[in-house]
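The values are calculated or read from the model by the stated rules, or taken from the named source; none is laboratory data. What you are looking at is a predicted structure, and each value in this text was computed from that prediction instead of being measured. Every residue, glycine as well, gets a Cβ built from its backbone with ideal geometry; the counts of neighbours run over all protein chains shown.
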Amino acid sequence: MRWIALFLLAGFALAQPTLRLEQGWVRRVPGNITAAYLVLYNPTDKPLKIVGASTPIATRVEFHQTTQAGHQNHLDLSAMRRVDALTVPAKGRLQILPGGYHLMLYGLREKNPRPLAEGQKVPLTLRLEGGASVTFTLTAQMR
């Protein structure tokens, strides 16, 4: 009976999606809104779709993308738009970095009355399509 339980647990562990954090940080700001940035690697043979995120320091997390809105009066304008999900390609990386995709963290003061401290550890949970989730620890930094 013990072998059957171990076999089932091992099979369950192998079936879970794997996502690796190569780098990540939360921008340390004094306000109520900030952003999180990551580089994720997917070593599996299938794309992994991230459909949600949460952290105990914010009331909500949204996925956004910065885009160039064009040139007007010789000024480069950028715009930010919300996206529903992010996909990490099979055996590939997704860069969630300034100037591209990023995670917006809203409601910091409601969850975290003091401003983030330099070096503060921030757990971030990513929910994957299919119900699995993975939690990473990011560091608050002035970048």
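In the stretch 22-53, the residue that is farthest from the chain's Cα centre (by Cα) out of those that are polar (S, T, N, Q) and closer than 24 Å to residue 129 by Cβ is 44. Give 99, 92 a once-over and let me know the one that is among the small types (Gly, Ala, Ser), farther than 15 Å from residue 24 by Cβ and at pLDDT below 95. None of the others qualify; the one that does is 99. Restricting attention to the stretch 112-139, the residues that are surrounded by 13 or more Cβ atoms within 10 Å (Cβ to Cβ) and out of contact with any Phe, Trp or Tyr (no Cβ under 7 Å at 6 or more places or on another chain) total 14. Of the residues making up the stretch 88-143, those that are touching a Lys or Arg at 6+ places or on another chain (Cβ under 7 Å) and under 17 Å from residue 44 (Cα atoms) are 90, 128, 129, 133. Against the list (1) over 16 Å from residue 20 (Cα atoms); (2) buried (at least 16 other Cβ atoms within 10 Å of the Cβ), the condition residue 40 fails is (1).
In the stretch 112-126 there is at least one residue that is touching a residue at least 60 places away in the same chain (Cβ under 8 Å) and of a type in the set (Gly, Ala, Ser). Filtering the stretch 58-70 for residues that are modelled with pLDDT under 95, in contact with a helix residue (DSSP H, G or I) (Cβ under 8 Å, 6 or more places away or on another chain) and surrounded by 14 or more Cβ atoms within 10 Å (Cβ to Cβ) leaves an empty set.
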